[in-house]
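Since the structure comes first, as structure tokens, the remarks are kept for the end.
The values are calculated or read from the model by the stated rules, or taken from the named source; none is laboratory data. All figures in this text were calculated on a predicted structure; none of them were measured in a lab. Neighbour counts run over all protein chains shown; Cβ positions are idealised from the backbone, glycine included. Please note that ligands, DNA and RNA were not included when accessible areas were found on the heavy atoms of the full protein model with its side chains. Shrake-Rupley method; radii C 1.70, N 1.55, O 1.52, S 1.80 Å.
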Amino acid sequence: MLEYRILTNNHTDILEREVNDLIKEGWRPLGGVSVAYKHEHAHNLVSHLVYLQSMVKGE
């Protein structure tokens, strides 16, 4: 059975750590990192960027 997960974080270093932790558990990144802009009364662009990584595990 194929499992699918989407990791999200506002900080690339934390997302990288989470991806590496899941790789150790047998998960694989699916594609590259995506970046989205989260508009919630933003005062500056950088603080509202969200980084996402899809992960899969199994067959």
* Asked: Name the residues in the stretch 14-28 that are open to solvent by less than 90 Å² (accessible area, probe 1.4 Å) and under 17 Å from residue 50 (Cα atoms), would you?
  -> 14, 15, 18, 19
* Asked: What pairs can you find where one residue is in the stretch 13-24 and under 17 Å from residue 35 (Cα atoms), the other is among the aromatic types (Phe, Trp, Tyr), and their Cβ atoms are less than 7 Å apart, with a gap of 6+ or different chains?
  -> 15/51
